[in-house]
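Let me begin by presenting the structure, written as structure tokens, before commenting on it.
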Amino acid sequence: MPARPFSRAVLWEMAAAQHGFVTAQQATEAGIGKHATQMLVHRGTLHRVAHGVYRFPQYPVGEHDNLMLAVLWTRVPEAALSHETALDAYGISAVNPNRIHVTVGKQRRFRRAGCDDYVVHYEDLAPEGIGWWQEIPTVTPATAIAQCLTYGTPTYLLRQAIERGHAQGFLKTADRDELMAALGRRHQIV
């Protein structure tokens, strides 16, 4: 019978794909009980950084760790960076959000501490509307721009995102035209 891998090794493998973070739910799904996770915390192998979210302290600190933490803080698999945060991440707009925007499914609700730094949006995203940025689930640029149209992001920032997004290859010409038309309609309504 083959030896079962150590809990630390299993969690490290997961954390390596998530900027050094792992959730309690992921540990449970991997067959690692609460007691084993708490022992790793007690020994200093893991640090608790939010409710149900842990980090390996020896994993190198990265520039975008706070964004990965925001997605994992939700503890839902469909969570993704969105809205102005996604525009900023892709570098297609000079938007400077003061909080991290995360989108989860419409059926989700949160009542936990730590959300002062986050804006949680409820929307059922189509699979093609979600991509990856720096190994973090993030809505596509087209989806982010569409979200920001209804969120109320200033017009000049959205026009900039559409133009830069198209110039940098993030948006197809048809997407650019559709988003510009939607931006024009929004302006007419106001």
Criterion: of a type in the set (Asp, Glu) and either surrounded by 18 or more Cβ atoms within 10 Å (Cβ to Cβ) or closer than 30 Å to residue 151 by Cβ (or both) - qualifying residue of 78, 29: 78
Close pairs from the range 135-161: first not assigned by TED's automatic domain parsing to the domain that holds residue 178, partner among the charged types (D, E, K, R), Cβ under 7 Å, at least 6 apart: none
Any chance you could count how many residues in the range 139-175 are under 23 Å from residue 96 (Cβ atoms) and part of a helix (DSSP H, G or I)? 24
Applying the selection to the range 120-172, what residues are among the small types (Gly, Ala, Ser) and in contact with a helix residue (DSSP H, G or I) (Cβ under 6 Å, 6 or more places away or on another chain)? 129, 142, 144, 161, 165
Which number in (1) over 22 Å from residue 18 (Cα atoms); (2) free of Cβ contacts under 8 Å to residues at least 24 places away in the same chain marks the one condition that residue 93 misses? (2)
Quickly run through the range 131-188 and pick out the residues that are farther than 21 Å from residue 70 by Cβ, of a type in the set (Phe, Trp, Tyr) and either touching a Cys at 6+ places or on another chain (Cβ under 6 Å) or surrounded by fewer than 19 Cβ atoms within 10 Å (Cβ to Cβ) (or both). 156
Please enumerate the residues belonging to the range 1-26 that are assigned to a helix (DSSP H, G or I), in contact (Cβ under 8 Å) with a residue 24 or more places away in the chain and aliphatic (A, V, I, L, M). 11, 15, 16, 24
So, of the residues in the range 32-73 that are among the polar types (S, T, N, Q) and assigned to a loop (DSSP other than H, G, I, E, B), which turns out to be nearest to residue 138 (Cα to Cα)? 58
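The values are calculated or read from the model by the stated rules, or taken from the named source; none is laboratory data. Computed from a prediction, not measured in an experiment: that's the story for all the values here. Glycine gets a Cβ as well: all are built from the backbone with ideal geometry, and neighbour counts include every protein chain shown.
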